[in-house]
Amino acid sequence: MTYSWLELPAEAVDQAARQLLGWRLTANGVTVRLTEVEAYSGLGEDPASHAHRGVTNRNAVMFGPAGRLYVYQIYGMHFCANIVCGEPGRAAAVLLRAGEVVGGLETARSRRPAARRDADLAAGPAKLMQVLELNRAANDTSVVDGTGPATLSPPDGAAGTIEAGPRVGVTAAHDVPWRFWLAGDPTVSVYRRHTPKRRAVRR
DNA sequence: GGCGGGATATGT
DNA sequence: CATATCCCGCCA
């Protein structure tokens, strides 16, 4: 039952996201325990998803089998990773937003000198990638069969209380509460309402 | 805490 | 060509 999120259908990607909280992701000598994730659905229903308009070169991995990483570059300098969920062709995915460093602490600190507290080491999707030293080379690699640079392993104990809210940084579908985090965890980034850079007055 | 700069692949 | 699943450093 441990890898049950792998078997969930695409329409249950929010359940997959909830299940992934507490799991450990290990890569390049550092392990993080996932504390914050977001679910993204595929075609039609979810305008915030990269796969919303169908297959492109960038998002092709999302349409493949579950258990692989969809890594993309954003703002010209950061990388974010999603774990593909659901059956092939459906393009559901879970964005890894934050984690607690539970292994390789010194290495993680050296990779993120700007972090003032240990809780800030992986408190953001791109920060998470930095402590794990992952980039676009990790795109389309598996996290469940040991063939890729990153490996996902089940949590130690019970996951704890899960809270839900709107997703961060998306302009569309602000009302969909598909961001999930472990209640009270210090590594969860504070929610900031999406602020467009300098556009006509939003409402 | 708020605000702006940074730097570029991607899709329209 | 405007945008994007962001981070950091600087100012208050």
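The values are calculated or read from the model by the stated rules, or taken from the named source; none is laboratory data. A quick note: this is a predicted structure, and the numbers were derived from the prediction, not measured. Because the Cβ atoms are built from the backbone with ideal geometry, glycine has one as well, and the counts that use them run over all protein chains shown.
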- [ ] Hey, can you tell me all the residues within the range A:141-175 that are in contact with a helix residue (DSSP H, G or I) (Cβ under 9 Å, 6 or more places away or on another chain) and of a type in the set (A, V, I, L, M)?
- [x] A:Val144, A:Ala150, A:Leu152, A:Ala159, A:Ile162, A:Ala164, A:Val168
- [ ] Scan the range A:124-141 residue by residue and report those that are within 13 Å of DNA strand B (Cβ to nearest atom) and assigned to a loop (DSSP other than H, G, I, E, B).
- [x] A:Gly124, A:Asn135, A:Asn139, A:Asp140
Task: Condition broken by A:Thr31, with the remaining ones in (1) more than 11 Å from DNA strand C (Cβ to nearest atom); (2) without any contact (Cβ under 8 Å) to a residue 60 or more places away in the chain satisfied - done: (2)
Open item on the list: Among the residues of the range A:39-76, what is the count of those that are among the basic types (Lys, Arg) and at pLDDT below 95?
Closed with: 1
- [ ] Pull up the range A:35-65, narrow it to residues that are under 12 Å from the mean Cα position of the chain (by Cα) and within 24 Å of A:Pro88 (Cα to Cα), then point me to the one that is nearest to DNA strand C (Cβ to nearest atom).
- [x] A:Tyr40
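What residue, of A:Ala51, A:Ala122, A:Ala93, is crowded, with 20+ Cβ neighbours inside 10 Å, touching a helix residue (DSSP H, G or I) at 6+ places or on another chain (Cβ under 6 Å) and more than 22 Å from A:Trp181 (Cα to Cα)?
Result of the check over A:Ala51, A:Ala122, A:Ala93: A:Ala51.
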- [ ] Select from the range A:71-91 the residues that are over 14 Å from A:Leu6 (Cβ atoms), more than 6 Å from DNA strand C (Cβ to nearest atom) and not in a strand (DSSP E or B) and list them in ascending order.
- [x] A:Met77, A:Gly89, A:Ala91
Task: Residues of the range A:160-175 satisfying the condition of being under 17 Å from the mean Cα position of the chain (by Cα), surrounded by fewer than 20 Cβ atoms within 10 Å (Cβ to Cβ) and either at negative phi or free of Cβ contacts under 8 Å to residues at least 12 places away in the same chain (or both) - done: A:Ile162, A:Glu163, A:Ala164, A:Gly165, A:Pro166, A:Val168, A:Val170
Open item on the list: Of all residues being β-branched (Val, Ile, Thr) and within 30 Å of A:Asp14 (Cα to Cα) in the range A:96-132, which is nearest to DNA strand C (Cβ to nearest atom)? Just the residue, please.
Closed with: A:Val131
- [ ] Give the range A:66-119 a look and list any residue that's at positive phi and either away from DNA strand B (no atom under 14 Å from the Cβ) or touching a residue at least 40 places away in the same chain (Cβ under 8 Å) (or both), or say none.
- [x] A:Gly67, A:Gly86, A:Gly89, A:Ala91, A:Gly104
Task: Residues that are of a type in the set (Val, Ile, Thr) and at pLDDT 95 or above, drawn from the range A:1-18 - done: A:Val13
